[in-house]
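Only one structure is covered here, and it is reproduced in the block below.
The values are calculated or read from the model by the stated rules, or taken from the named source; none is laboratory data. Predicted, not measured: the structure shown is a model, and the values here were computed from it. With ideal geometry, Cβ positions are generated from the backbone for all residues, glycine too; neighbour counts draw on all protein chains shown.
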Amino acid sequence: MKYCNKCGVHSEDAENRCPLCESFLLDEGGESGPSRYPDLELTLNWYTVLKRAYLFFAILIITASIIVDLLRGMGISWSFLSIGVVGYSWTVIYHAIRTNTHFASKILVQAIAGSLLIFIIDYMSGTVGWSVNYVIPQILIFANAAIFVLMLINFMAWREYVFYQLVMTFIGLLPIFLILFNVVTRPVMSYVSVGISAAILVGTVIFGDKTVKSELIRRFHI
């Protein structure tokens, strides 16, 4: 007789998969059915090689950018843009392709990294303003909305999304401080971002109830 170590279901059929959760069934000796997945060690080795190769080329690009800036006699300036692009691409490659990373976490990280890159481009181009006035608030709006929609679609897994939604909503409230310190000169999009973030935050706390509280306790031990 075979059994599922995850559900505790026993089965006398010849099937190797659990009828409830699709996990491999174990026999009385504890051996699982045939694996349909690639060799983990080989996959990890290739992943390590790719990470090291990217790190090598990233260091070359950043070093070359700094040297070019210094040779121009203008100090380190545009090399910061290269550093920002390399850092953002590293975030995309390293974080986004990790299959064990929560999808809401990927949205959160991409929103933060993308906002920083946009601000660096804005600052280095000498036209400071369009990033904080228009682009970054829109990134925060779409990121907040995306995680909230994921929460609604995966309502049974609400707890898994609560933490990321709370973090994203608090980040979405940050433009109010940029407005107060006159960093944002055209605050329409920032007001929209703050309004949507506040509404989602209130909705998450109200509908999440004990789930929100228990998740905060689990994450921050408060």
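Here Arg159 passes the criteria (1) of a type in the set (Lys, Arg); (2) under 18 Å from Ser115 (Cβ atoms); (3) in a helix (DSSP H, G or I) except the one numbered (2). For the stretch 106-144, the set of residues classified as among the small types (Gly, Ala, Ser) and either crowded, with 18+ Cβ neighbours inside 10 Å or free of Cβ contacts under 8 Å to residues at least 40 places away in the same chain (or both) consists of Ala111, Ala113, Gly114, Ser115, Ser125, Gly126, Ser131, Ala143, listed by residue number. In this structure, Tyr161 does not qualify as aromatic (Phe, Trp, Tyr) and closer than 30 Å to Ile59 by Cβ. For the stretch 145-156, the count of residues that are at pLDDT below 75, in a helix (DSSP H, G or I) and over 17 Å from the mean Cα position of the chain (by Cα) is at least one.
Give me the residue from the stretch 159-183 that is under 17 Å from the mean Cα position of the chain (by Cα), hydrophobic (A, V, I, L, M, F, W, C) and surrounded by 12 or more Cβ atoms within 10 Å (Cβ to Cβ) and, out of that set, nearest to Trp130 (Cα to Cα). Looking at residues that are under 17 Å from the mean Cα position of the chain (by Cα), hydrophobic (A, V, I, L, M, F, W, C) and surrounded by 12 or more Cβ atoms within 10 Å (Cβ to Cβ), I get Ile171.
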